[in-house]
Structures are given as structure tokens and as C-alpha cells.
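The values are calculated or read from the model by the stated rules, or taken from the named source; none is laboratory data. Small disclaimer: the values here were computed from a predicted structure and weren't measured. Glycine gets a Cβ as well: all are built from the backbone with ideal geometry, and neighbour counts include every protein chain shown. Accessible surface is based on the protein model in full, side chains and every heavy atom, while ligands, DNA and RNA are left aside. Shrake-Rupley method; radii C 1.70, N 1.55, O 1.52, S 1.80 Å.
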Amino acid sequence: MGSCENDQTFVKFDGPIIVGAGPSGIAVAACLKQDGIPSLVLERSDCIASLWQHKTYDRLKLHLPKQFCELPLFGYPKNFPKYPTKKQFVSYMEAYAKHFEIKPKFNQSVSKAEFDAQVGVWRVNTQDTVYESRWMVVATGENAEAVLPEIQGIEKFEGVVRHTSEYKSGCEFRKERVLVVGCGNSGMEVSLDLCRYNASPFMVVRNSVHILPREMFGFPTFGIAMGLLKWLPLRMVDKLILFMANLTLGNTDKLGLRRPKIGPLELKNATGKTPVLDTGALSLIKSGNIKVVEQGVREITRNGAKFMDGQEIAFDSIVLATGYKSNVPFWLKGSDFFTEDGMPKMPFPNGWKGENGLYTVGFTRRGLLGTTCDALNIAKDISSQWWSTTCNLKQEFKSK
């Protein structure tokens, strides 16, 4: 149901409004559809899973085996490899949306969403439409916007500066000296990719980092950890995982990659910081093809960088592997459910439900497993309200 006023369309929708058509938003829509509940998915881009389609590098693959990265109610094709490629994951997402007949409204950039307590609805504003619903699901996720660090002098640099959201392949940087700022999974994989194009990456490692083999003795490291957690305390599992990692990879401290004082699983639970799963970069660090810079960047110069220890190195290009952040604080108004950083204040597994019909999905810092858990919870909760209301309306109609 819609109306027009002052060049804006007003739409009242019976089911929930879902902001974001990434894996999280599509998963909630699918779970609701399974329960017979319509939903309206709003997406600022022109496609589903826009982060995967537009802002990831070409060689990206899932870091975890596909069985740990399935969305609810619909699995991967059997012929997909253990670690699907970017292209395969996008095709899975498109097949998923088609299977559940999910048709988002694209090019709808939400500028403001606020609960109107007087009428009991969420009012969601885009550039040309105001949507109203009893429920709203925030599905924009942890990775909505690129984090661009403030580095002194970077505006003076005469070479190319790219965030990993704009990096596609090392072809553009062939035979160049490239400063890679960041040593997470993206920083490691970009450095590896640069080497394949005969570039010379210098990777800045400002903080401690856990590096684990993607597989141990032929089994996925993540699967081993999940299996051990069923029987052993988390800290003991961390000790076993690190013991096996040291046997497989050696002492990474000697390479300038200091491990944090707490274990990888405990650190992930406490801060959301994900361990790096090695896909080949470590061997290139050992061989010297990827150079580790242990000092932070003090200043970017016209043709290079000065580091905290006074060292100065010339570079042709810079890649910022500095991650992403939530954008919820910019558009969600009148709610104290989120922190200033745009993350739910309640930790997993209790951060999926707020007040007044507000829900969140994709903020667990536990990947698609966390998304699946939240999506099922949200659908179950809204379903109970939906069908209770429907039942009451039928009884009222009969009594008349």
C-alpha cells in the first residue's frame, strides 16, 4: 500500500523491512518466507551480496570449508569444491535468492530509520521512499564501510593508493614495490597475490597476530577446533591448536609475526579479531618474497614511507588492508541498542533482538554460522507474533 507526497512515496508494509541484501539479509528473508511471512528487502547497491560482487579481490575464496558457510535451509551444490571461489559463492547467493523468490528493492539507500512510538511502527527513509512496518531487521553487517586510517602525509603520495575494497588483482602493480598496511587475512592474501605478479610487497605488522594453517594433518583447522570444543574447555583447545600450529608452521615470532598473549579462540570471542588462516603467504614470508615491516608507519612521503624507527623506504603504490566497519550509527536513530562503533551492545548469542520490533543479523563476528543462528531466531520470533496477530484478527472477524 503506497501514496505519494512531496515527490516521496509512502509504503506501508505488513511484514518486516530488512535493510541490506547481503548474505545476512537474504538469509532472514528466506527463513521468514519458509514460515509464510512476506518481507521487504532494501539494498543500496544494484545486486545482492554487493560486498562480494563489487568490493573483493579476484582470487578470494572462502577461508572456511563450505559446510561451515552455508545459509539456512539451502546448501551448496555438491560439485562445489571444499573452499568455493568468489564467483561460486556469488552464484550460490543468487541461486539461494531465486529458490526462495527473494526480490530485493535495489538502489534504495537508507538515510534514516526511526521508531515512531505513537503509532508503533518503524519508519525507514530512502532517497525517494518512506517505508513503514511493525518490524525492522538491520542486516547491513559488520563490513558496510571501508576503514580508511589517517596516516600523516598520505595525500602527498604520488603513486596509487588503494583500499582492499578497490583492489582486484596484482596485475595493476606488476613489478612494483608495494606497501601493504595491515596483516589480517586480506593483507596476507593481497601480499600473496602481489607476489604472483612479480611485485614486491612490504607488509606492515603493527600488532600481534595469530596465524594458523588452514588445515592440519588434512583436516580443516576450524573443524578441528569446533570438534574439540564439544569436549574440552576453550583455553585448552587454544593450547592444542597453537601446539599443532607451531608444529606445522614453526615459530612465527621469528618472522616478525608475534602471537597475542591469549589464544586465537579466546581472542575471537573477546574482541572479534579473527586469526589469519594461511593460504600460502607464510612460505613467501620465510623466503623473503613478502617482507614484514614490524614498525608502524610514521609518515607517508611523496615517493614512500617513513617508519617509527626512522627507516625510510621508497614505494610505488600503497594498499590499505585496514578492514571494514559498521555504518549503523549513521542512519539508525533513537535507539541505544548499538554501540558507537555500530555493533550490538549485547554479545552473541543474545545480540539479535532489540526493542519495539528491532532485530539485527550479521553482527556476531562469527561469520555465516552466526548469521544462520540469528536468522533462524529472528524468523521464529517474528513468526510467533505474526501468526498470533493473524489468529486474533480471525477471531475478531468471526465474533462480528
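Restricting region 271-286 to residues that are touching a Lys or Arg at 6+ places or on another chain (Cβ under 9 Å) and within 25 Å of P344 (Cα to Cα) leaves a set whose member that is modelled with the highest pLDDT is P275.
Might you let me know whether region 26-43 holds any residue that is at pLDDT 95 or above, among the polar types (S, T, N, Q) and farther than 23 Å from R365 by Cα? Yes, region 26-43 contains at least one residue that is at pLDDT 95 or above, among the polar types (S, T, N, Q) and farther than 23 Å from R365 by Cα.
Residues that are buried (at least 17 other Cβ atoms within 10 Å of the Cβ), in contact with a helix residue (DSSP H, G or I) (Cβ under 8 Å, 6 or more places away or on another chain) and of a type in the set (S, T, N, Q) within region 349-391 comprise T360, T364, T371, T372, listed in sequence order. If you go through region 221-270 and keep only what is among the acidic types (D, E), surrounded by 13 or more Cβ atoms within 10 Å (Cβ to Cβ) and at pLDDT below 95, you end up with just E266. Considering region 289-325, the residues that are modelled with pLDDT of 95 or more and small (G, A, S) include one that is nearest to E172 (Cα to Cα), namely S317. Report yes if S45 is out of contact with any Ser or Thr (no Cβ under 6 Å at 6 or more places or on another chain) and either open to solvent by less than 20 Å² (accessible area, probe 1.4 Å) or under 29 Å from L358 (Cα atoms) (or both), otherwise no. Against the criterion (out of contact with any Ser or Thr (no Cβ under 6 Å at 6 or more places or on another chain) and either open to solvent by less than 20 Å² (accessible area, probe 1.4 Å) or under 29 Å from L358 (Cα atoms) (or both)), S45 qualifies.
Being open to solvent by 30 Å² or more (accessible area, probe 1.4 Å), more than 20 Å from the chain's Cα centre (by Cα) and among the small types (G, A, S) is the requirement here; does A95 meet it?
The answer is yes for A95.
Scanning region 269-318 for residues that are part of a loop (DSSP other than H, G, I, E, B), farther than 17 Å from S208 by Cα and small (G, A, S) gives G280, G288, G310. Identification of strands (runs of 3 or more DSSP E) wholly contained in region 135-200 with 2 or more residues that are open to solvent by less than 10 Å² (accessible area, probe 1.4 Å) and either within 30 Å of D116 (Cα to Cα) or touching a residue at least 12 places away in the same chain (Cβ under 8 Å) (or both) yields 136-138, 177-181. Would you be able to say whether some residue in region 80-89 is modelled with pLDDT of 95 or more, in a loop (DSSP other than H, G, I, E, B) and among the hydrophobic types (A, V, I, L, M, F, W, C)? Yes; the residues of region 80-89 include at least one that is modelled with pLDDT of 95 or more, in a loop (DSSP other than H, G, I, E, B) and among the hydrophobic types (A, V, I, L, M, F, W, C). In summary, F106 fulfils each of the numbered conditions (1) in contact with a Ser or Thr (Cβ under 6 Å, 6 or more places away or on another chain); (2) modelled with pLDDT of 95 or more with the single exception of condition (1). Residue by residue through region 235-273, note down the ones that are over 24 Å from the mean Cα position of the chain (by Cα) and charged (D, E, K, R). Residues satisfying the conditions are R235, K239, D253, K254, R258, K261.
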